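Worksheet: one structure, shown below.
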Protein chains: 2
Amino acid sequence: METELTERQKLVLALVIRDYIETAQPVGSVSLVERYKLDFSSATVRNDMVTLTELDYLRQPHTSAGRVPTEEGYRYFVRQLMGHTDLPAPTKRTIIHQFYQAGVDVDRWMHLAASVLAHQAQAASLITAPHPERVVFKHLELIRTHGRQVLMVLVLSGGEVNQQMLSLAEPVSQDQLSAVAQRINQNCAGLAVTAIEGLKQPSDALEQDILKLVTTEMQRSIRVVAGELYRDGLTHVLAEPEFGERAFARRALRLLEERPLLEDLLSRTVLTDDPGGVQVLIGGEGTWEELRECSVVLARYGAPGLATGTLGVLGPMRMPYGRTISTVRFMAGLLSDLVEDMLTED
Amino acid sequence: METELTERQKLVLALVIRDYIETAQPVGSVSLVERYKLDFSSATVRNDMVTLTELDYLRQPHTSAGRVPTEEGYRYFVRQLMGHTDLPAPTKRTIIHQFYQAGVDVDRWMHLAASVLAHQAQAASLITAPHPERVVFKHLELIRTHGRQVLMVLVLSGGEVNQQMLSLAEPVSQDQLSAVAQRINQNCAGLAVTAIEGLKQPSDALEQDILKLVTTEMQRSIRVVAGELYRDGLTHVLAEPEFGERAFARRALRLLEERPLLEDLLSRTVLTDDPGGVQVLIGGEGTWEELRECSVVLARYGAPGLATGTLGVLGPMRMPYGRTISTVRFMAGLLSDLVEDMLTED
DNA sequence: AATTAGCACTCTCGCATCGAGAGTGCTAAA
DNA sequence: TTTAGCACTCTCGATGCGAGAGTGCTAATT
C-alpha cells in the first residue's frame, strides 16, 4: 500500500515535484537540500530517492542525472501530498469581476469563461455548454425566412435553445407555419421525448415532419457531450519546454481540435456528479497516447439531474496542480451558479 | 519596373521558388540544373542568381549556401509567374461531395467548410459567417424560458438570425410577450435600422426596451467583421519546419486565437467585392509582425451588397500558392452559391 | 556579348575529442 | 539510522577538423 512511505520520504517526493514543476530540470540531492535548507544531508536524501525510484514515483532520465517525477509520482502527490488549496481571495475577486461584466448571452458567458480559465491556469481550457439531462419540450417557433427556407427554433427545458434551418418541399405561408407551431405547442408542452413519440400522430404531413425533427433534436441534445464546445489558450501549451519536440505539441493540440477525440475523452472519463469534485487525469492514464506528456483537470458543473456541462484544462504533466485544481473548482462553482440562475423558477 | 527580367531569369526564379517550396532547403545552382535538366549551365544560373539577389527576389542565408526566396520574390512569383491554375476536376468533385452531405444548418456548413478548407490546403483555415451588408428587419419572436429570462430571436434579411437572452425587471406572461412581438413585427417589417430608430416610439416601456435592443443588434450586425468565426487546422502550421522555433509558431497561432488581432487583420485588408478576387498577403506586408514567416490567402464570398463573409487560409510563406489560391477561390464560389440559395426569393 | 569551364575560397554541418560539472551509489564511520 | 568521503558515470558545451555544397571570379569558348 501507499502508506509505506516515511514522513521524510513524502517530504522529499513533494519537494522534488515542487522543484521540478518550477524549473523543468531534473533535481539532484545536493541542490535539493541547499534550496530548501533541509536539516538532513544529501546522502540521506539520496537514500530516500532510491526507495522512491524503486516504488516508481521517481525516475532518472539517465544514470547520474537528477530525478524526475513519474506519472505515478504525480498521482501520489495529487492524491496524498498536495492538501486542499483554495484560490486566494483577491484572485477570486478578479475573476468574478471579469466574469460579471459580460452580458446575459450564454454564448458570451462561455467564451469568457474559457478565456478566463485559460488565462488563470496558463494552459488550454475547454468548456462544453450546459445542457439538460432530462429534456422536456417547452416551446417551438417556425419562422419563414427566405423562399422555402424555414427557421425552426426549439426551446427545451433548462433554457437550451436549438435553431435549425429546414428546406420545405414546397412554399408555405407564415400563417400556416404559425398554426402548426401552435398546435404542437399545445399538444407537447412539458412532455419528455418519449412521451412525444408515443403521441397519436396527426394526419397533417407537415406537422408530422416537424414533430419528427423535434424529437430527433431532443434526442441529440440528451447525449453526454452536446452543444457547443468552447476552447481557449491553445497557444499556452506551446510555451512549455516539454513541447520542444513539435510532434508532442501537435498531438496534444490535435486532441483539442478534433471533436471526436475530445468527445471520447470526455465521455470515457466517468465524472462524478458531485459539483465540488475535480478529476485529474495524469499522463493519459495509459489510454490516451496523445496525452503522454499532458495532464487534464476536469470538473462537471451545473445542477445535477437538470443541466450540466463540463469544463477543464489541459496542460503539461508538469503543472501546478494545486493552483489549477482550485481554479477549475472555482470556475465550476461560478458556472454552476449561472446555471442555477437560469433555472430558478422554472 | 518588373519587366527588366529576362525570360531565363524568370524561369530560374520560378524554379528556385518551386524547389524551395518542396524541400524547404536553400537551393543551389548545380542541384537546380541537375534536378530540372536545364539546357544551360550552373554558371549561367549563378549569374542570373546574382541579378535576382540584387533585385531582392532572392537571398542567401549565409555566404556559400543556396538561395532562398524573399518576400518580394514570392510576390513577384504570385503576381507574374504563377499563371492561373484551377483545381483538378476530381478534387472539386470530392469537395462538393463532402460538402453537400451536411444538413441545412448554417453553423454546420461553416464548420464543415473550415474543415474542408484546412484539409485541402494543409494549413489553418478561417471563415467568418456570412452577414448582411444592408440589414432589414424581418421578424421577431419573444419566448419566455425560465423565470424572468426571455429569449429574443431576431430574424434579419439574408437569413441572419440573432438570438439573445434577456433578463426582464419583472415576470411577464408569454401572452404579453407575444403581443409585444406582434406589434413590433407589424410596425417594423422590412425597415432598415435607421427607419426603425426614426419611428415614433410607443409608450409601452417593455416594447420600447425591446425595440432599443433590436436596433442595437442590427447595428452590431452591420459591422465588417461580425458573427461567428470558424477556424480549423491550426495544428497544420505546427507541422511546417519553419516553425521549429516555437516562438514563431506561437505568434502565428496567437493571431488566429485572439479575436481582436484577427479582426484587425480582416478589416485592414481591403477586400475587393469581386467574388473571384483572391487576395494574397505575403509575410505580413510590413504591417503584421506576427505574420513574418506566414502568408495569408483571403477571399470574400457571398452576394455583394447583400450578404458577404470572408474566408481564408494561413500557412507558411513557403506555401504552394497555386493550389492554395485555387482552393480558396473554389470554396468561395461554393459558399457564394450557398448564400445565393439562402437569398433566393427574398 | 553571352555563355561556360575551371578553380580557389568560404561557410555549414556532422563527428570526434575533451574537460568541467553535477549527480549517483557504495562503503565505512559516527 | 544517518552521514562523510570518494570513485565513478554521464551529460553538456567548447573546440577542432574534414567533407560537402555552393559561390564568385577569371579566362576561354561560341
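The values are calculated or read from the model by the stated rules, or taken from the named source; none is laboratory data. Since the structure is predicted, the reported quantities are computational estimates derived from the model, not experimental observations. Please note: Cβ atoms are built from the backbone with ideal geometry, for glycine as well, and neighbour counts cover all protein chains shown. What goes into the accessible areas is simple: the full protein's heavy atoms, side chains included, and nothing from ligands, DNA or RNA. Shrake-Rupley method; radii C 1.70, N 1.55, O 1.52, S 1.80 Å.
What are the residues in the stretch B:45-76 that are within 9 Å of DNA strand C (Cβ to nearest atom) and within 14 Å of B:Lys10 (Cβ to Cβ), if any?
Filtering the stretch B:45-76 for residues within 9 Å of DNA strand C (Cβ to nearest atom) gives B:45-48, B:61-65.
Scanning the stretch B:45-76 gives B:Val45, B:Asp48.
Can you report the number of residues in the stretch A:51-60 which are in a helix (DSSP H, G or I) and out of contact with any strand residue (DSSP E or B) (no Cβ under 7 Å at 6 or more places or on another chain)?
To start, the set of residues in the stretch A:51-60 that are in a helix (DSSP H, G or I) comprises A:51-54.
Remaining after also requiring out of contact with any strand residue (DSSP E or B) (no Cβ under 7 Å at 6 or more places or on another chain): A:51, A:54.
Looking only at that region, the number is 2.
Here's the yes/no breakdown for (1) open to solvent by 50 Å² or more (accessible area, probe 1.4 Å); (2) assigned to a strand (DSSP E or B); (3) at pLDDT 85 or above:
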residue: B:Gly276; (1), (2), (3): no, no, no
residue: B:Glu290; (1), (2), (3): no, no, yes
residue: B:Ser295; (1), (2), (3): no, yes, yes
residue: B:Leu298; (1), (2), (3): no, yes, yes
residue: B:Tyr301; (1), (2), (3): no, yes, yes
residue: B:Thr308; (1), (2), (3): no, yes, no
residue: B:Leu311; (1), (2), (3): no, yes, yes
residue: B:Gly315; (1), (2), (3): no, yes, yes
Task: For A:Asp48: the one exception among (1) in a helix (DSSP H, G or I); (2) within 14 Å of DNA strand D (Cβ to nearest atom); (3) within 22 Å of A:Pro241 (Cα to Cα) - done: (3)
TODO: Filter the stretch B:235-246 down to the residues that are facing another protein chain (nearest Cβ under 9 Å) and hydrophobic (A, V, I, L, M, F, W, C), then identify the one that is most open to solvent (accessible area, probe 1.4 Å).
DONE: B:Ala239
- [ ] With the condition kept exactly as written, say whether any residue in the stretch B:219-228 is within 12 Å of chain A (Cβ to nearest Cβ), assigned to a strand (DSSP E or B) and at pLDDT 75 or above.
- [x] no
Task: Meets criteria (away from DNA strand C (no atom under 16 Å from the Cβ) and not basic (Lys, Arg)) for A:Gln25 - done: no
Task: Per-region count, the stretch B:11-29, residues part of a helix (DSSP H, G or I) and open to solvent by less than 50 Å² (accessible area, probe 1.4 Å) - done: 10
- [ ] May I ask you to say which residue of B:Gln186, B:Gln176, B:Gln182, B:Gln164 is of a type outside the set (Gly, Ala, Ser), outside any strand (DSSP E or B) and closer than 30 Å to B:Leu338 by Cα?
- [x] B:Gln186
- [ ] Can you confirm whether the stretch A:22-42 contains a residue that is in the same structural domain as A:Tyr76 (by TED's automatic domain parsing), in contact with a strand residue (DSSP E or B) (Cβ under 7 Å, 6 or more places away or on another chain) and free of Cβ contacts under 8 Å to residues at least 60 places away in the same chain?
- [x] yes
TODO: Quickly run through the stretch A:30-52 and pick out the residues that are open to solvent by less than 40 Å² (accessible area, probe 1.4 Å) and under 18 Å from A:Arg18 (Cβ atoms).
DONE: A:Leu32, A:Val33, A:Leu38, A:Ser42, A:Val45, A:Asp48, A:Met49, A:Leu52
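Can you tell me how many residues within the stretch A:247-260 are facing another protein chain (nearest Cβ under 7 Å) and either more than 15 Å from A:Arg231 (Cβ to Cβ) or open to solvent by less than 40 Å² (accessible area, probe 1.4 Å) (or both)?
Counting residues in the stretch A:247-260 that are facing another protein chain (nearest Cβ under 7 Å) and either more than 15 Å from A:Arg231 (Cβ to Cβ) or open to solvent by less than 40 Å² (accessible area, probe 1.4 Å) (or both) gives 4.
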Open item on the list: So A:Val30 passes all but one of these: (1) within 16 Å of DNA strand C (Cβ to nearest atom); (2) in contact with a Pro (Cβ under 9 Å, 6 or more places away or on another chain). Which condition number does it fail?
Closed with: (2)
Task: the stretch B:164-213, residues that are more than 14 Å from chain A (Cβ to nearest Cβ), of a type in the set (Gly, Ala, Ser) and open to solvent by 80 Å² or more (accessible area, probe 1.4 Å) - done: B:Ser203
Task: Considering residues of the stretch A:110-136 that are modelled with pLDDT under 85 and of a type in the set (A, V, I, L, M, F, W, C) only, the residue farthest from the chain's Cα centre (by Cα) - done: A:Val136
